[in-house]
Amino acid sequence: MHHAALPLHASAGDKRETYARVRASIESLIDGEDDWIAAMATVVCELHHAFEAYDWTGFYRAVSPELLLIGPYQGGHGCLRIPFSRGVCGAAARTRETQLVPDVHAFPDHIACSSTTLSEIVVPVLAPDGRVLAVLDVDSNAPAAFDEIDRDALESLCAMLGARYSQEMRRNV
């Protein structure tokens, strides 16, 4: 069943309901899928089309202890490589904590991959042993587009992905 993208200023209840629906869809779609890239592509597609505020949605994969490389995404071109030492994505990878940024222009060392991005949330995908597998990056062309509902839903989703795909990532790194 196709749903219209949730508007930016939807109610908290509608937002939680949309995340629950998207999470159920993602879990159904990746059930039995053991390929990490296929899973990331599916997650990005489902999230990107569910929320109007999601103008760029993608993963950056940790390819070395200090470097993120673009993974599956939807939206305009993203930065190809981001060191852990730079920007919002790097901060999420370096600190292993979600970065919720209502105004990217106020974030020290923000990397402007797109000139239209005004707010951003970046959630690390961690293996159970704490290794950074990737970060999920969502950019919005609206200011302060993300809140604690987004943080909670995306952190839960990324925790599931980290637990599910950490062994596959160990084989492929």
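Structural remarks
- Sorting 24-31, 37-44, 152-159 by their mean Cβ neighbour count within 10 Å, with the most densely packed peptide first, gives 37-44, 152-159, 24-31.
- Label zone at Ala144, where the point sits 7 Å out along the Cα-to-Cβ direction: the stretch 73-107 residues whose backbone N lies under 11 Å: 102-103
- Under the convention that each Lys and Arg Cβ holds +1 and each Asp and Glu Cβ holds -1, the size of the dipole of the chain around its Cα centre is about 460 debye.
- Approximate shape of the stretch 63-103 as ellipsoid semi-axes (Cα gyration tensor, √5λ), whole Å, largest first: 17, 15, 8
- Other-chain or far-sequence residues with amide H under 5 Å of Leu133's (modelled H): Val125, Leu126, Ala127
- Over the stretch 109-151, the ratio between the Cα radius of gyration and 2.2 N^0.38 Å evaluates to 1.35.
- For the stretch 6-100, pairs of C-alpha atoms spaced more than 18 angstrom apart make up 55 percent of the total.
- Scattering profile of the stretch 35-80 at q = 0.20, 0.25, 0.26, 0.31 Å⁻¹ [log10 I(q)/I(0), Debye over alpha-carbon scatterers]: -0.64, -0.89, -0.93, -1.11
- The stretch 1-48 - Rg over Rh from alpha carbon coordinates, Kirkwood radius: 1.03
- Along the stretch 43-54 the Karplus relation, 6.51 cos²θ - 1.76 cosθ + 1.60 evaluated at θ = phi - 60°, assigns HN-Hα couplings of 4, 4, 4, 4, 5, 4, 8, 8, 10, 4, 6, 7 Hz to successive residues, with x for each Gly and Pro.
- Among Pro143, Gln99, Gly87 the positive-end extreme of the charge dipole of the chain (Cβ point charges): Gly87
- Unpaired cysteine residues in the chain (no second Cys Cβ under 4.7 Å): Cys45, Cys89, Cys158.
- Cα centre as origin, Lys/Arg/Asp/Glu Cβ charges: the stretch 12-74 dipole, Debye: 180 debye
- Size of electric dipole in the stretch 14-115: Cβ of Lys, Arg +1 and of Asp, Glu -1, about Cα centre, debye, nearest 20: 340 debye
- With Rh defined as the Kirkwood radius, the inverse of the mean 1/r over Cα pairs, the Rg/Rh of the chain is 0.94.
- Separation of the Asp152 and Ala24 label points, Cα + 7 Å toward Cβ, nm: 1.8 nm
- Positive-end ranking of Met40, Gln74, Pro108 along the dipole of the stretch 1-138, with charges on Cβ about the Cα centre, is headed by Pro108.
- Estimated FRET transfer efficiency when R0 is 45 angstrom, pair Phe107-Ala38 (beta carbons, to 0.05): 0.90
- Kirkwood-type radius of the stretch 51-150, with distances r between different C-alpha atoms, in Å: 13.2 Å
Every number here is computed from the coordinates shown, using simple stated rules; none is lab data. It should be emphasised that the depicted structure is a prediction, and the values quoted were computed from it without experimental measurement. Note that we place each Cβ from the backbone using ideal geometry, even for glycine, and neighbour counts take in every protein chain shown.
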